[in-house]
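Take a look at the structure set out below.
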Amino acid sequence: MSRPEDMLKELRIDRRSAAKAPRRRRWPWVAAILILLLGGLYGLRAMRPIVVETAVAVDAAQSGPTSLLDASGFVTARRIATVSSKITGRVLEVNIEEGQRVAAGDLLARLDPVDAEAQRALVRSQLASSQSQLAEAESQLHLAELSLRRQQDLIDRKLTSQSALDAAQADRDSRAARLLSLRKSVQVASDQLAVAELNVANTEVRAPFDGVIIAKAAQPGEMVSPLSAGGGFTRTGIGTLVDMDSLEVNVDVNEAYIGRVQPGMPVQAVLNAYPDWKIPGSVIAIVPTADRTKATVKVRIALDEKDSRIVPDMGVRVSFLQAADPMAAPVQGVWLPERAVVTTDEESHVFVLEGEVVRQVAVTLGDKRDAERLVSSGVSAGAQVVLTPAAKLRDGSRVSVDK
């Protein structure tokens with residue numbers, strides 16, 4: 001039988017051999033979990049719908065008359081004014097800002113009225129003095145007339161001399177003449193007061209017509225004058241006012257094609273800022289002069305729509321329309337915005353919205369007008385197509401329409 005010492009040795013734990021035992025590796029499990037998480041996030045991101053902008057295909061047969069000629073130009077205002085004061089003075093207050101709409105007669109600015117009010121007070125005093133002298137002259141004339149009648153009565157009764165009557169007559173005539181002069185003086189003083197009142201009113205700068213302020217030129221404390229001072233320290237205007245109801249389009253038409261344009265013919269204008277917005281209009285007049293440097297003739301266009309988005313100096317492209325021939329065959333296909341068409345080396349295609357997904361459809365392209373393209377096959381009228389498709393958009397991609 002083993003001894004107790006040997007039995008105790010068998011029960012003792014060898015710590016050196018336990019420390020040398022290999023540990024279990026855990027990092028592969030952590031890496032696997034991270035890969036699964038990243039894959040889930042990528043999957044969720046892939047399932048997120050792509051936000052798109054869409055437009056509706058328009059039947060070419062119902063899109064109206066075709067374009068006879070295209071020309072470019074700018075929106076201009078026929079009624080625009082740099083509003084200034086009628087007198088020279090220092091600006092006391094300015095009540096306008098850019099973009100502010102004002103009505104005719106609204107107060108735009110005020111000049112310092114101290115000098116004008118002082119002149120008005122002086123003229124009022126002169127008028128009061130003239131009126132006082134006039135009242136005195138009227139009283140004296142009345143007294144002279146009474147004296148003349150007494151002398152006439154005495155001369156009839158042979159109680160006075162002719163010389164006394166002549167003196168009374170001369171005194172009455174003299175006072176009548178002075179009264180007439182004073183009345184004219186009162187009239188002159190009244191006219192001077194009206195001028196002084198006008199000078200005070202001229203310290204208020206008011207809007208001459210309804211419109212929108214597009215520029216603010218003066219600040220309180222500056223000098224303004226209707227005439228240029230030449231030194232650069234005097235403003236010549238308070239601000240610039242535009243009548244937005246007087247906006248029209250001026251385009252330059254090549255003189256080789258001006259014969260196609262006639263006054264009153266319909267047009268379609270497209271602003272560069274809003275290429276999908278077609279504004280109907282008509283030709284107002286053809287300006288009877290040519291620009292020899294550009295070989296063009298200016299044509300004035302009236303817009304049938306009034307909108308706050310139309311502002312002066314905007315670039316615009318105008319299509320002069322030709323009435324459709326009732327005997328001609330209708331145009332087949334649909335009109336789409338050109339930015340809906342994707343053209344590659346192989347083909348041209350568009351993305352058509354079907355519920356919450358898009359389908360890539362090959363199309364056949366036709367004529368082009370402004371920012372539109374005629375599609376003769378592949379898309380039917382009323383279909384919704386994606387505008388400016390993103391590079392990641394594919395056939396069957398889930399999308400969300402941008403409202």
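The values are calculated or read from the model by the stated rules, or taken from the named source; none is laboratory data. Keep in mind the model is a prediction, meaning the values are calculated, not measured. Cβ placement follows ideal geometry from the backbone for every residue including glycine, while neighbour counts extend to all protein chains displayed.
Some points to look at:
- Tabulated pairs, the stretch 152-177, first free of Cβ contacts under 8 Å to residues at least 60 places away in the same chain and surrounded by 13 or more Cβ atoms within 10 Å (Cβ to Cβ), second part of a helix (DSSP H, G or I) and acidic (Asp, Glu), C-beta under 7 angstrom, 6+ apart or interchain: Arg172/Glu145
- Restricting the stretch 255-309 to residues that are touching a Lys or Arg at 6+ places or on another chain (Cβ under 6 Å) and touching a residue at least 24 places away in the same chain (Cβ under 8 Å) leaves a set whose member that is nearest to Ala340 (Cα to Cα) is Val270.
- Among the residues of the stretch 349-370, the ones that are surrounded by fewer than 16 Cβ atoms within 10 Å (Cβ to Cβ), in contact with a Lys or Arg (Cβ under 9 Å, 6 or more places away or on another chain) and closer than 30 Å to Ala269 by Cβ come to 1 in all.
- Meets criteria (charged (D, E, K, R), exposed (fewer than 12 other Cβ atoms within 10 Å of the Cβ) and either under 23 Å from Glu372 (Cα atoms) or out of contact with any Asp or Glu (no Cβ under 8 Å at 6 or more places or on another chain) (or both)) for Asp304: yes
- Search result, residues across the stretch 249-264 that are farther than 15 Å from Ser319 by Cβ and either among the β-branched types (Val, Ile, Thr) or surrounded by fewer than 15 Cβ atoms within 10 Å (Cβ to Cβ) (or both): Glu255, Ala256, Ile258, Gly259, Pro263, Gly264
- Among the residues making up the stretch 372-383, those that are in contact (Cβ under 8 Å) with a residue 60 or more places away in the chain and crowded, with 17+ Cβ neighbours inside 10 Å are Leu374, Val375, Val379, Ala383.
- Ser376 being touching a Ser or Thr at 6+ places or on another chain (Cβ under 6 Å) and of a type outside the set (D, E, K, R): yes
- Looking only at the stretch 40-80, and only at residues there that are in a strand (DSSP E or B) and polar (S, T, N, Q), the one that is modelled with the lowest pLDDT: Thr66
- Test: residue in the stretch 239-250 that is farther than 15 Å from Phe74 by Cα and more than 22 Å from the chain's Cα centre (by Cα): no
- Of all residues in the stretch 273-301 being crowded, with 17+ Cβ neighbours inside 10 Å and hydrophobic (A, V, I, L, M, F, W, C), the one that is farthest from the chain's Cα centre (by Cα): Val297
- Flag for Val267 being surrounded by 15 or more Cβ atoms within 10 Å (Cβ to Cβ) and over 26 Å from Asn199 (Cα atoms): yes
- Criterion (in contact with a strand residue (DSSP E or B) (Cβ under 8 Å, 6 or more places away or on another chain) and in contact (Cβ under 8 Å) with a residue 40 or more places away in the chain) met by exactly one of Val200, Val102, Val186: Val102
- When we screen Ser400, Ser380 for residues that are out of contact with any helix residue (DSSP H, G or I) (no Cβ under 9 Å at 6 or more places or on another chain) and in a loop (DSSP other than H, G, I, E, B), the only hit is Ser380.
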